[in-house]
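Since every read-out is calculated from the coordinates, none of them should be taken as a lab result. Computed from a predicted model, the values in this text were never measured in an experiment. Ideal geometry is used to build each Cβ from the backbone, glycine not excepted, and the neighbour counts take in all protein chains shown.
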Amino acid sequence: RYAMRVKKNPESSIVYEDDKLKRIEFSVTDASIEEEFTIRQKLVLIDFACGMGIIVWGLVTQGWYMNQISAVFLGMGLLAGILGGLDQQTIAEEFVKGLADFAYAAVVIGIARGILVIAEGGMIIDTILQALATALAGAPAAVYTTFMYIVLGLLSLLVPSSSGLAALTMPVMGPLTELMGLNPEAAVTALQFANQTINTISPVAGMTVAGLAVAKISFGQWWKTIWKFFIFMVVFGLIVTAISGMLPA
């Protein structure tokens with residue numbers, strides 16, 4: 001819906017002015033869209049498709065993670081440069097430009113990781129969870145699930161990783177939810193909705209920060225775009241979490 005609106009009126013886009021600068025930076029003109037799709041460009045596209053296929057295969061069947069994925073992306077980039085007809089110096093220069101786009105994201109993620117290390121090492125998160133568990137004891141079901149959702153959302157700012165947040169909170173939230181007389185699966189429902197919803201606006205969520213950095217979109221622009229959807233997802237998550245808690249165990 002947003003894309004259709006911008007297509008009808010490009011100036012309605014919050015990145016309209018930025019897009020004009022990007023078109024200059026990448027030498028994109030309306031005429032270039034009509035240019036012939038060359039053999040070299042097709043080979044680069046095939047290289048990208050094959051590389052992504054290899055990554056999916058490695059993740060699903062070989063248990064690959066960051067080191068292996070990074071190696072494949074590096075190989076894809078170097079091969080794309082060769083297939084695209086770039087010389088050695090140009091490939092190196094373009095590689096550096098690509099890394100520059102991620103520099104900001106890498107710094108933010110590193111700082112966020114430092115916050116997590118301090119919070120875990122100093123038992124800060126454990127103290128917060130203990131205090132909340134005590135305060136919520138005996139609360140009505142809807143009140144409890146709402147607060148659980150909010151707590152998990154706030155903790156997502158410290159621990160953006162869903163698996164890390166689960167390992168940290170579920171040993172407390174799961175049994176506590178069951179003691180409240182609710183289906184313990186509500187804790188998992190709250191975790192999934194709260195964590196992923198918060199990560200769409202969080203300045204410490206790796207994927208969000210990296211994506212915005214590459215697209216050269218500021219957080220202010222992003223928040224202005226997504227706030228309505230964010231509120232909808234929060235309300236929807238609260239309702240689904242409450243329903244989940246009331247279902248038979």
*What does a probe at Glu17 reach in region 213-228, counting residues whose amide N is under 20 Å from the point 7 Å along Cα→Cβ?*
213, 215-226
*asked:* Compute the distance from the alpha-carbon center of region 170-207 to that of region 62-87, in whole Å.
replied: 36 Å
_Theoretical gain in end-to-end length, Met170 to Ile239 [0.36 nm per residue, Cα-Cα removed]_ = 22.8 nm
*Once you treat every alpha carbon in region 39-177 as an equal point and sum by Debye, what is log10 I(q)/I(0) at q = 0.10, 0.13, 0.14, 0.21 Å⁻¹?*
-0.58, -0.78, -0.83, -1.21
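So, R0 is 30 Å and r is the distance between the beta-carbons of Ala49 and Phe229; what FRET efficiency does that work out to, to 0.05?
Details: r = 30 Å, r/R0 = 1.01.
In this case the efficiency is close to 0.50.
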*Convert each backbone phi in region 229-242 into a coupling constant with the Karplus relation 6.51 cos²θ - 1.76 cosθ + 1.60 (shift: θ = phi - 60°), then list the ³J(HN,Hα) values in order as whole Hz, x for Gly and Pro.*
4, 4, 4, 4, 5, 5, 4, 4, x, 4, 5, 5, 5, 4
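For region 127-249, which semi-axes, largest first and in whole Å, follow from the square roots of 5 times the eigenvalues of its Cα gyration tensor? Provide the component values of the computation, followed by the final result.
Details: eigenvalues 160, 45, 25 Å².
Semi-axes (√(5λ), whole Å): 28, 15, 11.
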*Sequence-distant lysines (8 or more away, or on other chains) whose Cα lies within less than 21 Å of Lys216*: Lys7, Lys20, Lys22, Lys97, Lys224
*Quick one: Phe229, Phe37, fewest Cβ neighbours within 10 Å first, how do they rank?*
Phe37, Phe229
*What is the order of Val107, Val72, fewest Cβ neighbours within 10 Å to most?*
Val107, Val72
*Measure off 7 Å from each Cα along the Cα-to-Cβ vector at Glu93 and Ala139, then give the distance between these two points in nanometres to one decimal.*
5.8 nm
_Selection from Met246, Ile226, Thr38, by position along the positive dipole direction of the chain (Cβ)_ = Met246
*Taking Cα pairs under 8 Å and at least six residues apart, what relative contact order does region 102-249 come out at, in percent?*
33 percent
_Value of Rg to Rh for region 173-225 (Rh from inverse mean 1/r over Cα pairs, i.e. Kirkwood)_ = 1.23
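Rank these for me by crowding, Tyr149, Tyr65, going from fewest to most other beta carbons within 10 Å.
Numbers: Tyr149 24, Tyr65 10.
If I rank by nearby Cβ atoms, fewest first, I get Tyr65, Tyr149.
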*First check a/c for the chain, with a ≥ b ≥ c the square roots of the eigenvalues of its C-alpha gyration tensor; if it is under 1.5, answer rounded, and if not, answer prolate when a/b is larger than b/c or oblate otherwise.*
prolate
*Residue of Phe236, Phe48, Phe95 that the Gaussian network model of the chain assigns the largest fluctuation, springs spanning Cα pairs under 10 Å*: Phe48
